[in-house]
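Novice: I am attaching a structure below and will ask some questions about it afterwards.
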Amino acid sequence: MQPSSEELVIVVTGANGGVGFGICHRLLVQLSSPRPSDAKPYFNVGRDVARELAIPERSPDAGVTIVMACRDLKRAQDAREKLYRLLDQHISKLRKGSDECKYASAFRKSVRLDTEKLDLSSVKSVLDFGRAVSQKYEHISHLIFNAGTATFSHLDILGFVWDLLTHPIDAIEHPRRNIQVNGVLSKDNLGFTWQCNVFGHYVLYRSVQSLLAAHARKTGAPARVLWMSSLDAEPLFDPKDDWQLTKTLHSYNASKYQIELICSELERRTVEAEEEGRASSWPELVAPHGEFHHYIVSPGITSTNMSTLLNIPIPGWRYLMLTAFLIVRFIGSPHVLMSLYSAAVAAVHLALVPLQAIPTVRNTPHISPADIEYPSWHSFYRKFTNRRPRVLALRFGAENDRWGNDHPGVMAVPVWEEHPDAGGDAAGEVRAAISEVLEGGGGRDIGWGPF
């Protein structure tokens, strides 16, 4: 079989630290192998995909560029150098003279790590980023929307300790004691958390949409957009007057659920257009003929610098947190990951596995929100005891066993029954916000077409 010469250009937001760094690290290690383990079909999609598909081996010099989109270019450059060192360390551990070592060495010569400035709290920065990458690259194969933030003020320590003692797994998987503040606005006068987590990524997607379509035309393979959600995703906002999440005291949780709403709506319309053999009813927003697909991913629970936003005044609190993570993982939580590399397993799997091996709501009817045990303080608690819930989308998350062996997992995101059309409404809100920002900024010309 001829090796695949498909060139990959992968954009990762927030790549200088946390899960974004872990994604870049895992991509480098996986793609330096002729047979990446993360590219192998893992889920049951109703047929033996691994047997049906003849997955071509990538040529080591086919070309891989990872674009590290970061707010701080100095930190991005430091992360870039560290990633190269980690790749070199990985290659040095391979058996000299083996096929794997030869492949990885050839890959090392061709791989590129580029850094680009991106501040998601500034529409101007996002548009500048879009213009910069459009000038540098002919196409983009993957967008991985990892960056995110929260307006935490502090941790309710006594409440968290109580939850940890009485409901240890729920306290870690669905924490309710991370206190957030509301009313925080960005320099564009938009809800800060909403702009950084939802709106900024949506604008970025729109600004490089033509590059995603160019990848499909060039290679015949659809591009992929991965939207980073969270186990914390929850519809804790009023869709009547708080789409920008300035009133809710749970803007982080709500922003992650909005991501799921928008991603599922974009993918639904893409598949609809594919199956009906016509351009999408939203041709300016989604792939007109299935040139790219949207997926929801989650890193599970892992230690990142976001925890510093909780302003915990206890010496050595990070070690205490890691100890709690280890205990909770050992007693049964599959969602607690002790390394950033492991937390990246779902995102990298979704990036590399053949599309036919990715479950959908349609081909996995056995995956249900009713399978999830929500804690008593969750808005979905006991919502599905008397009826089978409708599924909005699938969320692919990083999981591991109690010994730390990682693997991708999947869970169903339920439809928000009180607002079943919220997906279309969410997309409409970001479109309206784009128009408002552009009008306020003198009508910037970004070449998009109608909103």
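The values are calculated or read from the model by the stated rules, or taken from the named source; none is laboratory data. All of these numbers come straight from a predicted model, not from anything done at the bench. Cβ coordinates were reconstructed from backbone atoms using ideal geometry, including for glycine residues, and neighbour counts include every protein chain displayed. Just the protein is used for accessible areas: all its heavy atoms, side chains included, with ligands, DNA and RNA removed. Shrake-Rupley method; radii C 1.70, N 1.55, O 1.52, S 1.80 Å.
Novice: When the accessible area of the chain is split by element with a 1.4 Å probe, what percent falls to carbon and sulfur? Kindly include the intermediate steps, with their values, before the conclusion.
Specialist: Working: 10140 of 19570 Å².
About 52 percent, which is the carbon plus sulfur part of the accessible surface.
Novice: Sort L236, L165 by accessible area with a 1.4 Å probe, largest first. Write down the numbers at each step before the final one.
Specialist: Working: L236 50, L165 135 Å².
Descending order: L165, L236.
Novice: Provide the per-residue ³J(HN,Hα) series for the stretch 33-38, in order, calculated from phi with Karplus coefficients 6.51, -1.76, 1.60 and θ = phi - 60°, each as a whole number of Hz, with x at glycine and proline positions.
Specialist: Listing the rounded values in order: 10, x, 9, x, 5, 6 Hz.
Novice: What distance in nm separates the two pseudo spin-label positions at T166 and S339, each 7 Å out from Cα along the beta-carbon direction?
Specialist: Reported label-point gap for T166 and S339 is 3.7 nm.
Novice: Residue separation times 0.36 nm, minus the C-alpha to C-alpha distance between E138 and I314: what's the value?
Specialist: Working: separation 176, 0.36 × 176 = 63.36 nm, distance 4.98 nm.
So the extension gain works out to 58.4 nm.
Novice: With θ set to phi - 60°, apply the Karplus curve 6.51 cos²θ - 1.76 cosθ + 1.60 along the stretch 122-129 and write out the HN-Hα couplings as whole Hz, x wherever there is a Gly or Pro.
Specialist: 10, 4, 4, 5, 5, 5, 4, 4
Novice: Taking amide H positions as placed in the peptide plane 1.01 Å from N, state which residues far from V391 in sequence (5 or more) or on other chains have amide H under 5 Å from it.
Specialist: Counting only residues 5 or more places away or on other chains, the set is V415.
Novice: Now, a different point. Once ligands and nucleic acids are excluded and a 1.4 Å probe is used, how much of M338 is accessible, expressed in Å² to the nearest 10?
Specialist: Its accessible surface works out to 70 Å², give or take rounding.
Novice: Take peptides 36-44, 402-410, 246-254, 195-203 and line them up by average Cβ neighbours within 10 Å, highest first, as a rough protection proxy.
Specialist: Working: 36-44: 18.7, 402-410: 15.8, 246-254: 22.4, 195-203: 27.3.
In descending order of packing, they fall as 195-203, 246-254, 36-44, 402-410.
Novice: Among the lysines, which have Cα under 23 Å from the Cα of K93 when same-chain residues fewer than 8 positions away are ignored?
Specialist: K40, K82, K102, K109
Novice: Modelling each spin label as a point 7 Å along the Cα-to-Cβ direction, I'd like the T385/R217 distance in nm, to one decimal.
Specialist: Going from the T385 label point to the R217 one covers 5.6 nm.
Novice: Something else: From the backbone phi of the stretch 155-172, what are the Karplus-calculated ³J(HN,Hα) couplings (6.51 cos²θ - 1.76 cosθ + 1.60, θ = phi - 60°) in whole Hz, Gly and Pro given as x?
Specialist: Coupling constants for the stretch 155-172: 9, 6, 5, 5, x, 5, 4, 4, 4, 5, 6, 9, 9, x, 5, 5, 4, 8 Hz.
Novice: By the gyration tensor of its Cα atoms, with a ≥ b ≥ c the square roots of the eigenvalues, what is the shape of the stretch 154-216: rounded for a/c under 1.5, prolate for a/b over b/c, or oblate? Don't skip to the end; give the middle numbers.
Specialist: Numbers: a/c = 7.45, a/b = 2.00, b/c = 3.72.
Taking the square roots of the gyration eigenvalues as a ≥ b ≥ c, the stretch 154-216 is oblate.
Novice: If you don't mind, another one. Please identify every one of the trypsin sites (Lys or Arg not before Pro) in the stretch 134-226 that sits in a loop by DSSP and has no more than 13 other beta carbons within 10 Å of its own beta carbon.
Specialist: Values: sites: K136, R176, R177, K187, R206, R217, K218, R224; in loops: R176, R177, K187.
Within the stretch 134-226, the qualifying trypsin sites (Lys or Arg not before Pro) (loop, at most 13 other Cβ atoms within 10 Å) are K187.
Novice: I would also like to ask the following. Can you give the Rg/Rh ratio of the chain, where Rg is from the C-alpha atoms and Rh is the Kirkwood radius?
Specialist: Radius of gyration relative to Kirkwood radius: 0.94.
Novice: Would you mind working out the magnitude of the charge dipole of the stretch 100-190 relative to its Cα centre, with +1 at each Lys and Arg C-beta and -1 at each Asp and Glu C-beta, to the nearest 20 Debye? Spell out each step's value before the answer.
Specialist: Numbers: 11 positive and 11 negative charges, 103 e Å.
So the magnitude is around 500 debye.
Novice: Further question on the same structure: Can you tell me the alpha carbon radius of gyration of the stretch 1-152 divided by the globular rule-of-thumb value 2.2 N^0.38 Å? Each step should come with its number before you reach the end.
Specialist: Values: Rg = 17.0 Å, N = 152, 2.2 N^0.38 = 14.8 Å.
Normalised Cα radius of gyration, the stretch 1-152: 1.14.
Novice: Which of the aspartates and glutamates could a cross-linker bridge to K218, judged by Cα under 14 Å and excluding same-chain residues fewer than eight apart?
Specialist: Those aspartates and glutamates meeting the cut-off are E6, E7, E138, E291.
Novice: Now for a separate question. Tell me, in nm to one decimal, what length is gained between L158 and V184 on full extension, where the rule is 0.36 nm per residue of separation less the Cα-Cα distance?
Specialist: Values: separation 26, 0.36 × 26 = 9.36 nm, distance 2.60 nm.
The span from L158 to V184 would gain 6.8 nm if fully extended.
Novice: Could I ask something else about it? For the stretch 401-434, list residues with backbone N below 20 Å from a point placed 7 Å from the Cα of E275 toward its Cβ?
Specialist: 412-416, 420-425
Novice: Take the alpha carbon atoms of the stretch 201-317, find their radius of gyration, then divide it by 2.2 N^0.38 Å using N residues; give the quotient. Spell out each step's value before the answer.
Specialist: On the way: Rg = 17.7 Å, N = 117, 2.2 N^0.38 = 13.4 Å.
Here the answer is 1.32, to two decimals.
Novice: Top to bottom by accessible area (1.4 Å), largest first, where do Y319, Y205, Y295, Y381 land?
Specialist: Numbers: Y319 170, Y205 0, Y295 25, Y381 85 Å².
Putting Y319, Y205, Y295, Y381 in descending order of accessible area: Y319, Y381, Y295, Y205.
Novice: Would you mind listing how long the stretch 136-178 runs along its three principal axes, going by Cα atoms, in whole Å with the largest first?
Specialist: Extents along the principal axes: 54, 23, 9 Å.
Novice: With contacts defined as alpha carbon pairs under 8 Å and 6 or more residues apart, what's the relative contact order of the chain in percent? Could you put the intermediate results ahead of the total?
Specialist: Numbers: 850 pairs, mean separation 80.4, N = 451.
Relative contact order of the chain: 18 percent.
Novice: Calculate, for the chain, the solvent-accessible area per residue in square angstrom, rolling a 1.4 angstrom probe over the heavy atoms of the protein chains. Write down the numbers at each step before the final one.
Specialist: Numbers: 19570 Å² over 451 residues.
Solvent-accessible surface per residue comes out at 43 Å².
Novice: Sticking with this structure for a sec: To check you understand DSSP bridge types, tell me what percent of the beta bridges within the chain (both residues inside) are antiparallel, rounded to 5.
Specialist: Beta bridges within the chain, antiparallel portion: roughly 30 percent.
Novice: Tell me the accessible surface of E272 in square angstrom (1.4 angstrom probe, heavy atoms of protein chains only), to the nearest ten.
Specialist: Approximately 50 Å² of E272 is accessible to the 1.4 Å probe.
Novice: Another one. Around R224, which amide H atoms from residues at least 5 apart in sequence, or from another chain, sit under 5 Å from its own amide H, with H modelled in the peptide plane?
Specialist: Close amide H contacts, sequence-distant or interchain: H142, L143, H293.
Novice: Would you grab the residues whose amide H sits under 5 Å from the one on T115? Only those 5+ places off in sequence or on another chain, please, with H modelled 1.01 Å from N.
Specialist: Placed amide hydrogens put M68 under 5 Å from T115.
Novice: Something else about it: Please sort by residue number the trypsin sites (Lys or Arg not before Pro) in the stretch 276-380 whose DSSP state is loop and whose Cβ has at most 16 other Cβ atoms within 10 Å.
Specialist: Numbers: sites: R278, R318, R329, R362; in loops: R278, R362.
Qualifying residues, ordered by number: R278, R362.
Novice: Order D61, D425, D114, most accessible first, counting only protein heavy atoms with a 1.4 angstrom probe. Before the final figure, lay out the partial values.
Specialist: Values: D61 105, D425 80, D114 30 Å².
Most to least solvent-accessible, the answer reads D61, D425, D114.
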